[in-house]
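S.K.: Sharing a structure here in structure tokens format.
The values are calculated or read from the model by the stated rules, or taken from the named source; none is laboratory data. What you see is a predicted model, and the numbers here were worked out from it, not measured in a lab. Positions of Cβ are backbone-derived with ideal geometry, glycine not excepted, and every protein chain shown enters the neighbour counts.
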């Protein structure tokens, strides 16, 4: 049984070791590193001391073993991860530019990462779930998989779990107009069940159709179950909005950046864990920002030294 569940992609990342090494040129890579936005998030939950589980799939291969070994080590329930003997584990190749941007090449559309089916949430494993977290990239990588996640979200919400949603929009998935239309329909179904929404500024504007942050936030609270919007604002930090009009500003912690991959996923997890720990929204925002900072200090999407002790030390200014 787990307090926080997620359903989404598990993949390995194979990365350029230095900036300005584009993917189209021959060169070296580092990896594989266990990854996938849903996997990063749920790994963080477990490392912060909360019971956690993931619904996903991997191949019966070395990359699949890499992922399962890591999540098991962290304490994640992987009993709902399908191990497919016929298809290979999903992977992503990543490059970094000196301006801070990244390039991605995904291989996951027809892999076990997008094949899991909606589970029976009345099973014992799901009865203690307080939150069910969704990543938008898992919704749009393969639309049939997105619909399975929607089924799971509705069932979990009906059973009493609060839905947490990070849209994490990948423009690579939205180039086909018909796919884009259906992707947005799926996203809106999730939003109607969402209690905690964690977009970036451009995602907020894209999904609400509003040109300003203020109008976008108002549109979020038109969804019936929305309680909190955690807005990620890049180098300006994050801002927490509540339905009753409260706004909390949280600046970034200044740390040495090694790898930005996974920072938002880590922040999502730390925010939910802080709420489960009974912390205030201000404290939860601090925890989210600190966890994201710890993650970017290490190379690799799950390699940040994430723990409650390290988060508290960073907040106090004592982390070394």
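S.K.: If you take the residues of region 186-197 that are under 22 Å from residue 244 (Cβ atoms), free of Cβ contacts under 8 Å to residues at least 40 places away in the same chain and over 15 Å from the mean Cα position of the chain (by Cα), which of them is surrounded by the most Cβ atoms within 10 Å (Cβ to Cβ)?
M.R.: 191
S.K.: Given the conditions (1) out of contact with any helix residue (DSSP H, G or I) (no Cβ under 8 Å at 6 or more places or on another chain); (2) closer than 19 Å to residue 135 by Cβ, and given that residue 221 satisfies all but one, which numbered condition is not satisfied?
M.R.: (2)
S.K.: Also: Give me a count of the residues in region 23-70 that are within 23 Å of residue 278 (Cα to Cα), part of a strand (DSSP E or B) and in contact (Cβ under 8 Å) with a residue 60 or more places away in the chain.
M.R.: Within region 23-70, residues that are within 23 Å of residue 278 (Cα to Cα), part of a strand (DSSP E or B) and in contact (Cβ under 8 Å) with a residue 60 or more places away in the chain number 1.
S.K.: Determine whether region 198-220 contains at least one residue that is in a loop (DSSP other than H, G, I, E, B) and crowded, with 23+ Cβ neighbours inside 10 Å.
M.R.: Yes, region 198-220 contains at least one residue that is in a loop (DSSP other than H, G, I, E, B) and crowded, with 23+ Cβ neighbours inside 10 Å.
S.K.: How about region 257-303: which of its residues are part of a loop (DSSP other than H, G, I, E, B), at negative phi and either touching a residue at least 12 places away in the same chain (Cβ under 8 Å) or surrounded by 18 or more Cβ atoms within 10 Å (Cβ to Cβ) (or both)?
M.R.: Matches in region 257-303: 257, 258, 259, 260, 261, 297, 298, 299, 301, 302, 303.
S.K.: If I go through region 228-249 residue by residue, how many of them are in a loop (DSSP other than H, G, I, E, B) and either under 19 Å from the mean Cα position of the chain (by Cα) or over 21 Å from residue 133 (Cβ atoms) (or both)?
M.R.: Qualifying residue count for the region: 5.
S.K.: Looking at region 221-237, which of its residues are surrounded by 13 or more Cβ atoms within 10 Å (Cβ to Cβ) and under 30 Å from residue 158 (Cβ atoms)?
M.R.: Residues satisfying the conditions are 221, 223, 225, 226, 227, 228, 229, 230, 231, 232.
S.K.: Note down all Cβ pairs under 7 Å where the first residue falls in region 77-90 and is over 11 Å from residue 107 (Cβ atoms), the second is surrounded by fewer than 14 Cβ atoms within 10 Å (Cβ to Cβ), and they're at least six residues apart or on different chains.
M.R.: Pairs that qualify, where the first residue is over 11 Å from residue 107 (Cβ atoms) and the partner is surrounded by fewer than 14 Cβ atoms within 10 Å (Cβ to Cβ), are 78/72.
S.K.: Quick one: count up the residues across region 240-250 that are at pLDDT 95 or above and in contact with a helix residue (DSSP H, G or I) (Cβ under 8 Å, 6 or more places away or on another chain).
M.R.: Count: 5.
S.K.: Examine region 11-21 for a residue that is at negative phi, buried (at least 23 other Cβ atoms within 10 Å of the Cβ), modelled with pLDDT of 95 or more and not in a strand (DSSP E or B), and state whether such a residue exists.
M.R.: no
S.K.: Another one. When you scan region 113-123, do you find a residue that is out of contact with any helix residue (DSSP H, G or I) (no Cβ under 8 Å at 6 or more places or on another chain), modelled with pLDDT of 95 or more, surrounded by fewer than 18 Cβ atoms within 10 Å (Cβ to Cβ) and more than 30 Å from residue 277 (Cα to Cα), even just one?
M.R.: No: zero hits.
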